[in-house]
Amino acid sequence: MNTENPGCLTGVARAVALVIVLPVRLLWDAFAFCVKQLWRWVLAPVGRALGWLIHHLVVIPLRFLWEWVIAPVGRALWWVIDLLVVTPLTWLWRWVLLPVLKALWWVVDLLVVTPLGWLWQYVLAPVGRAVGAVLAWAWGIAGLVSRALGRAVGWVLWNAVGRPSPGRTGWSSRRSATGCGPGCGRPSPPPRGPSAPRPGGAPRPLRRTPLTEPGEPGPARARTLGSTTERPRSGARPEISPQDAG
């Protein structure tokens, strides 16, 4: 078994890696050395110099200005404002405005709020409830009157327009009583059906419908099964028949 090939491949791979990585590592080391030297000999001294200048030219004067000018002037101004504005306003509120406002509120409560409350409780509220009750009662009565007027108007309209006239009613009653219409005087064709004469000349007995007064309903009739003619019921009989007349 040959074991020399893996060693050769490893050596080749290491050589290639060394050729590729070595320049990169050399460039990185050179860059790091330059940055370190730049920071050590240039940037750090320049930064320390700028810091010293800022501290001595800005911070120390501002601190001195705050400690010996701004703060004392501010305390003096606050003392003056407190002495001339805050203290007088506090005293004015505590000993003048607050008692005056309490007195005004007592007067308003005594002269306005209490009378208005009494007026609402003992006058306006009962009157409002009474007026509401009266209005509700009047509304109900108005509804009753409205319904009554509607019924009266309907009754008048029915009697004036909807109900048939007396002349038409009398004519229809006479027609139903006599069985005769507007063409009553005309000659009628020869009788057919049940009223035709029998063989031998003897006519079939006829029955007359009882006469009724105009507007009075006639006797009730009932139809027989399978027939279009009507016959009087058992309780209603004709008054005159051909047999009674003979």
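Is it true that Leu77 is at pLDDT 95 or above, surrounded by 10 or more Cβ atoms within 10 Å (Cβ to Cβ) and over 60 Å from the mean Cα position of the chain (by Cα)? The answer is yes for Leu77. The listed residues are Pro45, Pro23, and the only one of them that is out of contact with any helix residue (DSSP H, G or I) (no Cβ under 9 Å at 6 or more places or on another chain) and surrounded by 11 or more Cβ atoms within 10 Å (Cβ to Cβ) turns out to be Pro45.
The values are calculated or read from the model by the stated rules, or taken from the named source; none is laboratory data. A quick note: this is a predicted structure, and the numbers were derived from the prediction, not measured. Glycine also receives a Cβ, built like all others from the backbone with ideal geometry; neighbour counts cover every protein chain displayed.
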